[in-house]
Amino acid sequence: MSDSSTYTPPPVWKWEKENGGQFAKINRPIAGPTHDKELPVGRHPLQLYSLATPNGVKVTVMLEELLALGHSGAEYDAWPIRINDGDQFGSGFVAVNPNSKIPALMDRSGSQPIRVFESGAILLHLAEKFAAFLPTDTARRAECFSWLFWQVGSAPFLGGGFGHFYAYAPFKIEYAIDRYAMEVKRQLDVLDRRLALTPYLAGDEYTIADIATWPWYGPLVQGQIYGDSGTFLSVHEYKHVRRWADAIGERAAVKRGRMVNRLFGDPAEQLHERHDASDFDTKTEDKRG
């Protein structure tokens, strides 16, 4: 691999080698399935195909929050998609999400199955379906949408930009790390200034804007992702984000949602598949044992 200080881009880029790094084998410049593989289907109308990355956690937290409110129709089956093994390129998954990214949802509650992909779209679909975590007042609804789409637009700078070059790239590139660290700190400042004024992003209510944003920025300011990135970014400076992150992290539904489809980390915090609320009770018994 060329040193970043001497690399000269060719006149026409061609995909002739892996790009290196932890996720090299799953990155490619083309779409579509690589193999035939049908997706499993459980007994609930909502079928989730995901992994407990920040984007996946958004949806499992949303579903657990809906169930906590008493929406029995939000019961779901959650199936793990092992992205390092290329599950996202199976024909069944591509049919649900042609972009081959997690999460993907099949809503079979109506006469015709509905596919929903992209985490923000899934949150909106569920919020409208169950009339929950989405303000009805026009002004507050607009504020919620603004922060939701702010997160969707900002996350690639945090995950694909800073996270990749700081934690996963095969070698460190000063320019790339400086560029994305600056942007992530700017984003944290945006959040901190907003949360100095309101308890939650859209105002006084906990909404899908918080559910979308917390899985990325909560663990970041709590020092739980990208190694020592919290120290590197001086996240202690953002006291309002820390207050918000800690409060949301203590919600029971958030704790449950973080476990679903988790295939990494502490085994006690992993629930590979989720098909019933009792799965968490069984997991608790396993932890005690």
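Worth a mention:
- Scope the range 195-223; condition out of contact with any helix residue (DSSP H, G or I) (no Cβ under 8 Å at 6 or more places or on another chain) and not β-branched (Val, Ile, Thr); matching residues: 197, 204
- Residue match in the range 175-188 (condition: touching a His at 6+ places or on another chain (Cβ under 9 Å) and exposed (fewer than 14 other Cβ atoms within 10 Å of the Cβ)): no
- The condition (being touching a strand residue (DSSP E or B) at 6+ places or on another chain (Cβ under 6 Å), outside any loop (DSSP other than H, G, I, E, B) and at pLDDT 95 or above) is satisfied by just one residue among 152, 94, 116: 116.
- The number of residues in the range 190-233 that are more than 13 Å from residue 143 (Cβ to Cβ), among the polar types (S, T, N, Q) and without any contact (Cβ under 8 Å) to a residue 24 or more places away in the chain comes to 2.
- The residue list 245, 268, 252 contains one member that is small (Gly, Ala, Ser) and touching a residue at least 40 places away in the same chain (Cβ under 8 Å), which is 252.
- A single member of 180, 175 is in contact (Cβ under 8 Å) with a residue 60 or more places away in the chain and of a type in the set (Ser, Thr, Tyr), and it is 175.
- The requirement of being more than 19 Å from the chain's Cα centre (by Cα), farther than 16 Å from residue 117 by Cα and surrounded by fewer than 16 Cβ atoms within 10 Å (Cβ to Cβ) is fulfilled nowhere in the range 49-67; no residue meets it.
- All told, residue 121 meets the bar of being more than 24 Å from residue 272 (Cβ to Cβ) and part of a helix (DSSP H, G or I).
- Members of the range 73-114 that are touching an Asp or Glu at 6+ places or on another chain (Cβ under 8 Å) and farther than 19 Å from residue 261 by Cα: 91, 99, 113, 114
- Where helices (runs of 4 or more DSSP H) fall entirely within the range 177-289, those with at least 2 residues that are modelled with pLDDT of 95 or more and either under 28 Å from residue 85 (Cα atoms) or not small (Gly, Ala, Ser) (or both) are at 208-221, 229-232, 239-249, 252-259.
- Count - residues of the range 126-148 that are in contact with a helix residue (DSSP H, G or I) (Cβ under 7 Å, 6 or more places away or on another chain) and either part of a helix (DSSP H, G or I) or of a type in the set (D, E, K, R) (or both): 6
- Boolean, residue 169 is of a type in the set (A, V, I, L, M), surrounded by 15 or more Cβ atoms within 10 Å (Cβ to Cβ) and modelled with pLDDT under 95: yes
- For residue 239, the criteria (1) surrounded by fewer than 16 Cβ atoms within 10 Å (Cβ to Cβ); (2) within 24 Å of residue 62 (Cβ to Cβ) hold in every case but one, which is (2).
- Criterion: of a type in the set (Phe, Trp, Tyr), at negative phi and out of contact with any strand residue (DSSP E or B) (no Cβ under 8 Å at 6 or more places or on another chain) - qualifying residue of 49, 7, 76: 7
- Verdict on residue 12 being of a type in the set (A, V, I, L, M) and farther than 22 Å from residue 123 by Cβ: yes
The values are calculated or read from the model by the stated rules, or taken from the named source; none is laboratory data. A quick note: this is a predicted structure, and the numbers were derived from the prediction, not measured. FYI the Cβ positions are ideal-geometry reconstructions off the backbone, even for glycines, and counts take in every protein chain you see.
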